[in-house]
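*Asks:* Mind having a look at this structure? Questions to follow.
The values are calculated or read from the model by the stated rules, or taken from the named source; none is laboratory data. Bear in mind the structure is a predicted one, so any value in this text is a computation, not a measurement. No Cβ is skipped: glycine too gets one built from the backbone with ideal geometry, and neighbour counts run over all protein chains shown.
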Amino acid sequence: MSDGRPPCNCIIDHDYGDRDRMDNFELRTIVHISEYGWSVVLVHGDDGGPGWAYTIGLWHSHRTPELGMFGGDVYEMEAILNTLGRQAAEGEAPGDGDRRDAVVRGQAAAFRTVDSRWYQAMFKGALSFYRKPPLPFLQVVWPDQRGLFPWQPGTELPFRHSQPWLWLAPTQHPDGAWTRHL
């Protein structure tokens, strides 16, 4: 019987015949989601580029978009995503085009819908957990020290490249540290 919510195709809700072969990542994710409602995955930066963090479980638990954040300190991004996750659990989920004050170092954050062609490169853990769509993702975009977002006039070129523009199709994104993951 349906509760009126869109379906969730995750590995908690459906047995895909491989539960006996789940790895530590999948098991840890299930434990976190069962206990907190979501999990945050940290992808540490390396010599090739900066790191990022993203949620898994917001869709399963609350039918709100998963969130991804890029280019900052992974532990700071984890804390921000957990705060946004708590807000979503309380019924205050962000949507595409929204802005929220005091999210990143006292400054606003903007939210943009991620083009699904980035999912395999940036959100492999979420794809493993959910297996098949629907799976909405929003990018949490942070501003520079003056409060300007990367697409706004007056931002410096290094800042514009410090986080990907995942709302663009991969073919429209400039080559760089983010496109190497494709």
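*Asks:* What helices (runs of 4 or more DSSP H) lie completely within region 1-95 and have 2 or more residues being buried (at least 22 other Cβ atoms within 10 Å of the Cβ) and touching a residue at least 12 places away in the same chain (Cβ under 8 Å)?
*Replies:* So the answer is 58-62, 74-89.
*Asks:* Oh, and also: Among the numbered conditions (1) within 24 Å of Gly49 (Cα to Cα); (2) in contact with a helix residue (DSSP H, G or I) (Cβ under 9 Å, 6 or more places away or on another chain), tell me where Thr155 comes up short.
*Replies:* Unmet for Thr155, out of (1) within 24 Å of Gly49 (Cα to Cα); (2) in contact with a helix residue (DSSP H, G or I) (Cβ under 9 Å, 6 or more places away or on another chain): (2).
*Asks:* Here's another thing I want to ask about it. Are any of the residues in region 13-35 under 29 Å from Gly176 (Cβ atoms), among the hydroxyl-bearing types (Ser, Thr, Tyr) and at pLDDT 95 or above? It would help to see each step written out before you state the result.
*Replies:* From region 13-35, those under 29 Å from Gly176 (Cβ atoms) are 25; that's our starting set.
After this cut, where a residue has to be among the hydroxyl-bearing types (Ser, Thr, Tyr) as well, the list is none.
Checking region 13-35: not a single residue is under 29 Å from Gly176 (Cβ atoms), among the hydroxyl-bearing types (Ser, Thr, Tyr) and at pLDDT 95 or above.
*Asks:* Taking the condition over 11 Å from the mean Cα position of the chain (by Cα) and farther than 25 Å from Pro133 by Cβ, does Arg117 pass?
*Replies:* When the stated conditions are applied, Arg117 does not pass them.
*Asks:* So is Thr113 more than 20 Å from His62 (Cβ to Cβ) and hydroxyl-bearing (Ser, Thr, Tyr) or not?
*Replies:* The answer is no for Thr113.
*Asks:* Determine which single condition Leu135 fails, assuming it passes every other condition in (1) part of a loop (DSSP other than H, G, I, E, B); (2) surrounded by fewer than 20 Cβ atoms within 10 Å (Cβ to Cβ).
*Replies:* That leaves (2) as the condition not met.
*Asks:* Going through region 101-125 one residue at a time, which ones are in contact (Cβ under 8 Å) with a residue 12 or more places away in the chain and either assigned to a strand (DSSP E or B) or touching a Cys at 6+ places or on another chain (Cβ under 7 Å) (or both)?
*Replies:* Residues satisfying the conditions are Val103, Val104, Gln107, Ala108, Ala109, Ala110, Phe111, Arg112, Thr113.
*Asks:* Show the residue pairs that are 6+ apart or on different chains and have beta-carbon atoms under 9 Å apart, the first residue being within region 165-181 and farther than 20 Å from Asp46 by Cβ, the second being among the aromatic types (Phe, Trp, Tyr) and surrounded by fewer than 17 Cβ atoms within 10 Å (Cβ to Cβ).
*Replies:* Going by the 9 Å Cβ cut-off, the qualifying pairs are Trp165/Trp151.
*Asks:* Shifting gears a bit: In region 126-164, which residues are within 12 Å of Gly71 (Cβ to Cβ), hydrophobic (A, V, I, L, M, F, W, C) and free of Cβ contacts under 8 Å to residues at least 24 places away in the same chain?
*Replies:* Result: Phe159, single match.
*Asks:* If you don't mind, another one. Tell me, which residue of region 108-132 that is buried (at least 17 other Cβ atoms within 10 Å of the Cβ) and touching an Asp or Glu at 6+ places or on another chain (Cβ under 8 Å) is farthest from Asp18 (Cα to Cα)?
*Replies:* By that ranking, first place goes to Ala110.
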